[in-house]
Each structure stands twice: as structure tokens, then as C-alpha cells.
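First up is the structure itself, then whatever we jot down about it.
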Ligand SMILES: [Zn+2]
């Protein structure tokens, strides 16, 4: 225990003793429940006060705007984690409850199973820097709220995209588990990155909307501004308690621009590999070029959360697509072109070896219908693409399979809750409460100034309302404790180093 934590522990102990003394004084006549409540409240206040004076919080900040929570984290890994855990403690507790419920529901495995996977399989291969950051999150969270969550909980939670839908199906197959649920890798997101003659100013434009369950997606509302002691400055969207962007959209101060869409019907897992959430965070923090990015993602590739990464290097104007399967992968790159993603793989080897069930020719499926729409929409706007146009594209409702405007599972802005078809490739049943939950866009000029725009909720501006949905679809009643309204906010700009809402300064 360092001197700082000794002092802090002593301060907490003193106030606890103070609280106990109060309680004793109050319990002379009768040890009433209200006196006990008062003691609990006193201890909680004392804990918060001691925590807020922690020197590790120096420099960290938080504000809310447009439905987003912006946090600035800085310093060494332990301090960054502590700031993260402390500043987002209520959101982490809430996000953990919603996410862990979903993980257990879909896999029919208990939480202890995920803790064990985190502890035995993932933890030993996590770089020391991120182990310290994850431990810091636990410490900040516990100090602030008295949470019982430990580092195994937080690691399993950080792996919420990879353990249930990649590791568990692999394990079920390997164990020949009888009556195992039919788990499918998720299909998250619509995105593109464009450069050269495709964009208005000839520089890179990048945009992304996040597709996930509304239950998780309405909590995917953090803007992380991270100034790490080592590596590059990061501005990314993210989930409370998770160290990677995870949906993913981020830029770093050395000029890298990063997003992705997930590979539909990917199968495979390497239990000896390194967790995807660790590689993705590391690559955004340490890669200054497309090659470095690919190298970090490939180092210890475990197959988890297999994505088509869309990358840009604003220093060179080059864009790239890294299709990261487990058995196969491929990198395409260009200084004049556009690369789009909507959850389909295209390299013949990846298709054959990593996504054997995916049908690239079914025009009715969500990934392929959106692929056709991206091709149409981007070609129509060649030479005109900028951030304002990208915002509109992310809210597009043109269904290429039906050739009409209708928000559903086949439109770039996804509304699967409105579709009787669902998305069978992802095991999303009819009217599944999921789709596009938020959007972000940036360009090379903005990235140089570490800025992006983001809209919480459906990028088209439509609202999702939980109560009428649950009344109409009782089959999703298990989500009731977690599912909330997801109302769209305005497109809002965020930048590195911001300390409050822009409007507060005027
Ligand atoms: Zn929409």
C-alpha cells in the first residue's frame, strides 16, 4: 500500500469510526433502524468525500451533452482506470447489470462461468498496462459506490462482445454440448471511409453507426478523451467500464482514424489468443500507421469479435480495410477510393474458412441489402462526400431488397424492432429490439484537431419507446428491467481537451 492509499484508508476509517460513534450515541435508548440508516448514509458520504479527494482524480473531468457523457482520463494506467471507475461508477453498475443479464440469457451460462473464463483464459494474456487500468476501474468504482464488483467481473464485462458469441459457441461445439443455444456472432454496424476523388476536399471522411440491442446500445453513450502517459492521445466513443471503444469509432493524435463493422456468421476462437478488447484498445493507443494497426490486431489474434476494420491515416490520405478472420485475413488499401462495411466478409479465403455459413448472394439479408445501398449511395455522391452528408447517410432508410423507403433491418439506419423478419443470420428474432443506436462522423481536418460529431439514438433522429414496445411484444419481457426509452439527441461535436458543454462557455 502506497503512502497515498494509506492516507486515504486512514481517512475512510476515521469517518467510519465517526459514523459508528454517532450510531452508538443514537442507540443509547433504542438501536433504531433509522440510526442504522444514518450510519450507512454517513459512511457513504464519507467514502465519496475521501474518494473525490484522491490525487489520482487530478486532471480528470466529466460533463454531459446531447445525450452523451464525456470523460477526460489521463496519466498512468492505474490512474486512468481509477478516474474511469470513479467518474462513471453509476453508469458502470447499470451497464454491467444490463450486459451481464444479456450474456447469461443468450448463452444459458451463469455469471461464474464468465468470471472463470475471464480469470483463467483472458487475464494472463492481458498486457500489464491494461491489467493495471482494469484494476484501477475496480478501485475507482468501489471507492465511489462500495460496489462488490471485482476485476474478474470487469474483465468478463469488457469481453462482452467476444465471450458469449465467439468463445461459448466454440466451447459448445468442442464439448459437444447437448441442447446448446444457437449462438451467432453479432452483426454490428454500418460504416464507410472515403478518400481522394470520392470526398469533397480530397481528404479522408469516416462515418459509423453502431448496431446492437437497444438494451446495450442506449448505454453506449460515453465519449472518452484519453491522454495516456504512453502512446497517443485518443478520442473515441465507448461503453462505461470498458477500456476499448468496442463498437468501434476512434481517432488518435498520430493521425489514425479507426472504425469497423462485424463479420456476420463468423465462427472460431483461439483460447490461447489475446482478448480482442485489449488488442483493439492497444492498436488505437499505439498505432501511428495502417501497418502498425494491422500488426497489433494480428498479434495474438483470438478470433474474438472478428471485424472488418476500416482505417484511415490522415497524414498520408490513405484508407484501408483489414478483414480480420482467424484462419484468414486480408488487407486492402488505397489513396483514392471508398471502403464500406455492413457486416459482410468479401475475401474468398475468409468467406470459405471463417464464415462458412454466410451467403454473400442473398440480396434480402441485412448485410447484403445494406452493402448494395452503400454502393448506390456512395457512388451517387462521389466527389461530394463530407461530414454533413455522412450524417445523413447514417440515417438512411432505403431498403434495396424492397426498393422502397422503410426503416427496417435492411436499412443503413437499422430498426429491427419494426421488422417481422428479424435478422436470422444473427439470431435476432422478429421485432428484436435492436438496430442503429448511435452514429459518429469525422474527417481528416477534424481528426487533426481531435474532433468528431456524434448523435445518440437512431442517427435518423427517430425515438425508440420501451413501454409500448414491451406491451406489443411480450416475448421480450425478460428485458423489461433493463430496456429504456432511447430518444435521439442532436448531432453534437466533441473534441479532445474539452472540459464542459460548449454552450456553458457562452
Ligand atoms: Zn432510422
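The values are calculated or read from the model by the stated rules, or taken from the named source; none is laboratory data. Model, not experiment: these values are computed from the prediction. Neighbour counts run over all protein chains shown; Cβ positions are idealised from the backbone, glycine included.
In region 220-243, how many are surrounded by fewer than 24 Cβ atoms within 10 Å (Cβ to Cβ), in contact with a helix residue (DSSP H, G or I) (Cβ under 8 Å, 6 or more places away or on another chain) and part of a loop (DSSP other than H, G, I, E, B)?
So the count comes out to 4.
Conditions tested, residue by residue: (1) closer than 20 Å to residue 250 by Cα; (2) modelled with pLDDT of 95 or more; (3) within 16 Å of the ligand (Cβ to nearest atom).
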| position | (1), (2), (3) |
| --- | --- |
| 449 | yes, yes, no |
| 452 | yes, yes, no |
| 457 | yes, yes, yes |
| 462 | no, yes, yes |
| 469 | no, yes, yes |
| 487 | no, yes, yes |
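Say whether the condition of being more than 19 Å from residue 247 (Cα to Cα), free of Cβ contacts under 8 Å to residues at least 60 places away in the same chain and in contact with a strand residue (DSSP E or B) (Cβ under 7 Å, 6 or more places away or on another chain) is met by at least one residue in region 384-397.
Among the residues of region 384-397, not one is more than 19 Å from residue 247 (Cα to Cα), free of Cβ contacts under 8 Å to residues at least 60 places away in the same chain and in contact with a strand residue (DSSP E or B) (Cβ under 7 Å, 6 or more places away or on another chain), which makes the answer no.
With the requirement that a residue be within 15 Å of the ligand (Cβ to nearest atom), surrounded by 21 or more Cβ atoms within 10 Å (Cβ to Cβ) and either part of a strand (DSSP E or B) or without any contact (Cβ under 8 Å) to a residue 60 or more places away in the chain (or both), what does region 416-435 give you?
Residues satisfying the conditions are 416, 419, 434, 435.
Every residue, every condition in (1) more than 16 Å from the ligand (Cβ to nearest atom); (2) exposed (fewer than 15 other Cβ atoms within 10 Å of the Cβ); (3) closer than 25 Å to residue 448 by Cβ, yes or no:
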| site | (1), (2), (3) |
| --- | --- |
| 340 | yes, no, yes |
| 352 | yes, yes, no |
| 382 | yes, yes, yes |
| 400 | no, no, no |
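Exactly one condition in (1) crowded, with 18+ Cβ neighbours inside 10 Å; (2) in a loop (DSSP other than H, G, I, E, B); (3) within 16 Å of the ligand (Cβ to nearest atom) is not met by residue 438; state its number.
(2)
Can you confirm whether residue 303 is crowded, with 16+ Cβ neighbours inside 10 Å and on the phi > 0 side of the Ramachandran plot?
yes
Could you give every pair whose Cβ atoms fall below 6 Å, whose first residue belongs to region 454-480 and is free of Cβ contacts under 8 Å to residues at least 24 places away in the same chain, and whose second residue is near the ligand (Cβ under 10 Å from one of its atoms), counting only separations of at least 6 or pairs across chains?
none
Of all residues being surrounded by fewer than 18 Cβ atoms within 10 Å (Cβ to Cβ) and in contact (Cβ under 8 Å) with a residue 60 or more places away in the chain in region 33-58, which is farthest from the chain's Cα centre (by Cα)? Just the residue, please.
Taking the candidates together, the pick is 44.
Tell me, which helices (runs of 4 or more DSSP H) lie completely within region 1-120 with 2 or more residues that are at pLDDT 80 or above, out of contact with any helix residue (DSSP H, G or I) (no Cβ under 9 Å at 6 or more places or on another chain) and closer than 30 Å to residue 493 by Cβ?
Fully inside region 1-120 and qualifying: 89-107.
Test of understanding: among 376, 318, 406, which residue is within 16 Å of the ligand (Cβ to nearest atom) and over 29 Å from residue 160 (Cα atoms)? Spell out how you get there, then give the answer.
Working: 376 fails: within 16 Å of the ligand (Cβ to nearest atom); 318 fails: within 16 Å of the ligand (Cβ to nearest atom).
One residue alone meets the criteria, 406.
Please count how many residues of region 385-398 are more than 12 Å from the ligand (Cβ to nearest atom) and touching a helix residue (DSSP H, G or I) at 6+ places or on another chain (Cβ under 9 Å).
Within region 385-398, residues that are more than 12 Å from the ligand (Cβ to nearest atom) and touching a helix residue (DSSP H, G or I) at 6+ places or on another chain (Cβ under 9 Å) number 2.
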